[in-house]
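What follows is calculated from the coordinates using simple rules that are stated; it is not laboratory data. These numbers were taken from a predicted model, which means no experiment stands behind them. Note that each Cβ is placed from the backbone with ideal geometry, even for glycine, and that neighbours are counted across all protein chains shown.
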Amino acid sequence: MTQTPARRTVLLCTGAGAAALCVGCGGGGDSSGASPGQELVRTGDVPVAGGKILTDEKIVVTQPRQGEFKAFSAVCTHQGCIVSDVRDGTIDCACHGSRFAVADGSVVRGPATEPLPGKRITVEGNSVRLA
């Protein structure tokens, strides 16, 4: 004979399971999948005034001006989507239309109200690496 769990038990387990699953979904889950020293991208693959989105690492590398490289979390600060495009001086999120500046990650257009967090990088020869 199998017992059906009480409604309260099911709700508690569902709530705990949902909380555990959502840890990586929202604002708190923007940890990078990259390791310090890891090559992120070759400098020649990052266009001037544009950038390269590394979805697995959750990092976007930009080149605001020739020879100047920056890196930011690729997780939109509005609702946690991965940004979708980098062009014309902005990092764009297709989920709700937020745009961030390639130079400093600041909000250019909402609904996001917080900038993209910066990532520490080094440029060694033709390689952009996580610091």
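Numbers at a glance
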| item | result |
| --- | --- |
| Label point distance in nm, residue 126-residue 87, each placed 7 Å from Cα along Cα→Cβ | 2.6 nm |
| Simple Cβ-charge dipole of the range 82-124, Lys/Arg +1 and Asp/Glu -1, about Cα centre, in debye nearest 20 | 60 debye |
| Charge context of residue 120, other residues only, Cβ under 11 angstrom, K/R +1, D/E -1 | +3 |
| Radius 12 Å from Cβ of residue 130, net charge of other residues (Lys, Arg +1; Asp, Glu -1) | +1 |
| Under-5 Å amide H pairs with residue 127, H placed in peptide plane, nonlocal only | 43 |
| Long-range HN-HN contacts of residue 81 with modeled amide H, under 5 Å | 76 |
| Total formal charge among the other residues, if their Cβ is under 14 angstrom from that of residue 64, Lys/Arg +1 and Asp/Glu -1 | +1 |
| Karplus (6.51, -1.76, 1.60) ³J(HN,Hα), θ = phi - 60°, over the range 100-105, in Hz, Gly and Pro reported as x | 10, 6, 5, 7, 9, x |
